[in-house]
Amino acid sequence: MQTSNEQLLNGVEEVLLMGPGPSMVHESVYKALSVSTLGHLDPYFIQIMDMVKVQLQQVFQTGNRLAIPMSGTGSAGMETSFVNFIEPGDPVLILINGVFGMRQKDVAERLGARVDAMEYEWGTPVLVDEVAEKLQRNNYKIVAMVHAETSTGVANPVEAIGELVKGTDSLFLVDTVTSLGGMEVAVDKWGIDIIYSGTQKCLSCPPGIAPVSVSERAVEILHNRETKVPNWYLDLTMIINYWEGEKRAYHHTAPINMIYALHQSLFNVLDEGLENAWARHQEYHKVLVSGLEELGLTMFVDPDYRLPMLNAVVVPDGVDEASVRSRLRKDYRIEIGAGLGPMAGKVWRIGLMGETCRPENVDRVLFALKEIL
Ligand SMILES: Cc1ncc(COP(=O)(O)O)c(C=O)c1O
């Protein structure tokens, strides 16, 4: 049994990950994963935890005390963000233009929220004026949206919606799973109260952790809930006692080595400089788009609200999109993404996230697509 396991892992070849995530992982992060595992209450590990909190404050651009990695993928960050703040019957507005806005709605509804959804055509952004009008006429406990809609490649106007929410009693909740590390995310400046992300996109760490941050105002609302947080594992009122204070209390066994890896990947992003990282994503996105256009391909999203790290490309008529992806994987060891939900069969999604976003990778995918098409 063990032998066949070894054989299986020996067969894993390096694939150039140019899909919607996971992205390429830097050597230094793989090295961090293999550092000796410490106990979850070991004093040295607690020093690392404290450093990770500071690093998360820096990448989120926030003075929030609460900036911690939740155990689990981006969806655990999403669940954490809703389950801690919603009580049955709470009014919640969700701005939807893709799969992940739909997922937010599903999560909020399962918690008994009264969800009001504003839906926009996939491939187009949320419209600020319409949201302004909606907020003038209604009060919500939470206004939620997705910054970078990975299913379509659209950048949503989080800063402008944040300006609208600032004048209300609502908490502003934002998904930055795909955007964090690849484009500006400014929690305090944009008035975001609850934010979550994932490690496997522009942070270039393997999947498995969801960075989360919560404003002081939202923490107060959390502590004044009338009902208990209905999910034990993601209950921030308990998890805070593991991440903060003199005496750390066990809640669940932290994924120690993944936290080492996150620490290293945050170090890498901050060492490059946030603004340099955002500029790099813009630069090679432009190179990719012009190369794709030279091949006669069309982008799905208008340039004004295109994401740099997720490039949705229209599948040309008469082309079998799945066979192109499978040739890329088989003959060129490159993974790109298919369309998700209603976009299935209509687009390819080419990711330029974190470590993937390098000129040699752009050249490699363009060369391969040219040969195949
Ligand atoms: C915008 C967005 N939100 C949430 C998620 C869910 O994250 P995960 O698949 O890591 O649970 C994803 C994953 O692709 C995403 O792109």
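Of K53/K247; K31/K286; K141/K189; K134/K346, which sit over 26 Å apart, Cα to Cα?
K31/K286; K134/K346
Please give the contour-minus-distance gain from E133 to E14: 0.36 nm per residue of separation, less the Cα-Cα distance, rounded to one decimal in nm.
Gain on stretching E133 to E14: 37.8 nm.
Test of understanding: extend the Cα→C-beta vector of D188 to 7 Å, then name every residue of segment 68-105 with backbone N under 17 Å from that spot.
Residues 68 fall inside that zone.
How far apart, in nm, are two points set 7 Å out from the Cα along the Cα-to-Cβ line at T124 and at E27?
4.9 nm
Starting from segment 211-284, pick out the chymotrypsin sites (Phe, Trp or Tyr not before Pro) whose DSSP state is loop and whose Cβ has at most 16 other Cβ atoms within 10 Å.
The qualifying sites are W232, Y233, Y250.
Given a Förster distance of 56 Å, report the FRET efficiency between A249 and E272 from their Cβ-Cβ distance, rounded to the nearest 0.05.
Result of the calculation: an efficiency of 0.95.
What percent does the relative contact order of segment 6-155 come to when contacts are Cα pairs within less than 8 Å and at least six residues apart?
19 percent
Under a 1.4 Å probe, what is the accessible area of the chain per residue, stated in Å²?
Value for the chain: 44 Å² per residue.
Considering the zone a paramagnetic label at T168 would reach in this model (a point 7 Å from Cα along the Cα-to-Cβ line), which residues of segment 130-148 have amide N under 15 Å from it?
Zone members listed by number: 130-146.
Count the DSSP beta bridges whose two residues both fall in the chain, then state the antiparallel fraction as a percent rounded to the nearest 5.
Around 50 percent of the beta bridges assigned by DSSP in the chain are antiparallel ones.
What relative contact order, as a whole-number percentage, does segment 28-270 give when Cα pairs under 8 Å and 6 or more residues apart are counted?
Relative contact order, segment 28-270: 29 percent.
Give the separation of the Cα centroids, segment 222-251 to segment 150-199, in Å.
24 Å
Name the shape class, rounded, prolate or oblate, that the alpha-carbon gyration tensor gives for the chain, where a ≥ b ≥ c are the square roots of its eigenvalues, rounded holds for a/c under 1.5, and otherwise prolate holds if a/b is larger than b/c and oblate otherwise.
Oblate is the answer for the chain, as a/c is 1.5 or above yet b/c matches or exceeds a/b.
Given 0.36 nm per residue, what is the gain on full extension from N224 to Y44 after removing their alpha carbon distance, in nm?
Stretched fully, the N224-Y44 segment lengthens by 61.4 nm.
Per DSSP H run of n ≥ 4, the term is -39500 (n - 2.57); total these for the chain, divide by its residue number, and report the mean residue ellipticity at 222 nm rounded to 500 deg cm²/dmol.
Roughly -13000 deg cm²/dmol at 222 nm, from the helical runs in the chain.
Please compute the contact order of segment 153-203 in relative form: average sequence separation of alpha-carbon pairs under 8 Å and at least six residues apart, divided by the residue count, as a percent.
Relative contact order comes out at 40 percent.
Could you work out what % of the accessible surface of the chain is carbon and sulfur, using a 1.4 angstrom probe and leaving DNA, RNA and ligands out of the count?
Carbon with sulfur: 50 percent of the solvent-accessible area.
Using alpha-carbon positions, what is the distance between the centroids of segment 72-106 and segment 1-52, in Å?
Answer, in whole Å: 29.
The values are calculated or read from the model by the stated rules, or taken from the named source; none is laboratory data. Bear in mind the structure is a predicted one, so any value in this text is a computation, not a measurement. When we count neighbours, we look across all protein chains shown, and the Cβ atoms used for this are built from the backbone with ideal geometry, even at glycine. For the accessible areas, the whole protein counts, side chains as well, though only heavy atoms, and no ligand, DNA or RNA atoms are used. Shrake-Rupley method; radii C 1.70, N 1.55, O 1.52, S 1.80 Å.
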